[in-house]
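These notes concern the structure reproduced below.
Any read-out appearing in this document is the output of simple, stated calculations on the displayed coordinates, not a laboratory observation. Predicted model, so just to flag it, every value in this text is computed and none were measured. Here the Cβ is made from the backbone with ideal geometry for all residues, glycine too, and neighbour counts use every protein chain on show.
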Amino acid sequence: MDWDRLSEQVDAYCERTDFTFWAEPVNAVTNLAFLIAAALVLRWAERRGRLGDPAVWGLIGLVTAIGIGSFLFHTLATRWAGLADSLPILLFILAYLFVALSRFFGLARWQAGLATIGFLPAAAGIGWIVSILPWNPLGSSAGYLPAFLALAACGVGLALLGRPVARWLLAATGLFALSLTFRTLDLPLCETFPLGTHFLWHMLNGALLGLLVAAVVRHGARPGAEGGVESGLVAPSR
């Protein structure tokens, strides 16, 4: 492992003007949105008696890890901190896709697992297509396009099936579109708005991830459990 390269510092956001620890104070502090979201969903899961569900715990843990990793990246600004930021995000995307397919759509675990694995080459293919386009309107945010499309597809698919959870995922899709917009505008607006807009990405994504995990708490009980998926059908919500 090339530690020297991993220790290199990177300047990727408008707010940063040097490489001191607090060079991105707003971007750093707004990562509290993820921790607040995790705490609120944890409290709600406790009230609904869902703390025994490993999927709920795992997703809440990943939201917490995203907040911590992003804080490290926006303070230390090193390549290894960038990995601490991006890896939990990738794990959350894959974990949530698996949970959505198995809990909301009622797929068998092996089917949901294969579909989740298949998401990786599909995402790479979308990334390649975007890379050869003469104009990329998303800029550095293009890497999130596959996750956005997957979330939108799940929301639409569940709506067509008449599942109540569809409203939650479609609302999350709208939040994701808005947060992606602010992430994309950060550098282009830097000269006119030196603070940048990346902090809004954090705040909106905190709400987004909280909403997604709350959807699992509300509508994603384990197969065979009360209110859960049984024989491919979702029981009515209480």
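At a glance:
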item: On Cα atoms only, tilt of 166-185 relative to the major axis of the chain in degrees; result: 10 degrees
item: Over region 22-228, relative contact order from alpha-carbon pairs under 8 Å, at least 6 apart, %; result: 27 percent
item: Vicinal HN-Hα couplings computed from phi for region 85-100 (Karplus, 6.51 cos²θ - 1.76 cosθ + 1.60; Hz; Gly/Pro x); result: 7, 7, 5, x, 5, 4, 5, 5, 4, 5, 5, 5, 4, 4, 5, 4
item: Order by protection proxy (mean Cβ within 10 Å, highest first), peptides 119-127, 213-221; result: 213-221, 119-127
item: Tensor-based shape of region 1-45 (alpha-carbon gyration tensor, a/c under 1.5 rounded, otherwise prolate or oblate); result: oblate
item: Percentage relative contact order, region 136-203, counting C-alpha pairs under 8 Å, at least six apart; result: 27 percent
item: Calculated FRET efficiency for the pair Leu195/Gln9, C-beta based, R₀ 22 Å, to 0.05; result: 0.60
item: Phi to ³J(HN,Hα) by Karplus 6.51 cos²θ - 1.76 cosθ + 1.60 over region 48-61, Hz, x for Gly, Pro; result: 8, x, 10, 6, x, 8, x, 5, 5, 4, x, 5, 4, x
item: Anisotropy class of region 49-163 from Cα gyration tensor, a/c 1.5 cut; result: oblate
item: Cα long-axis angle, helix 109-132 against the chain (0 to 90 degrees, to the nearest 10); result: 30 degrees
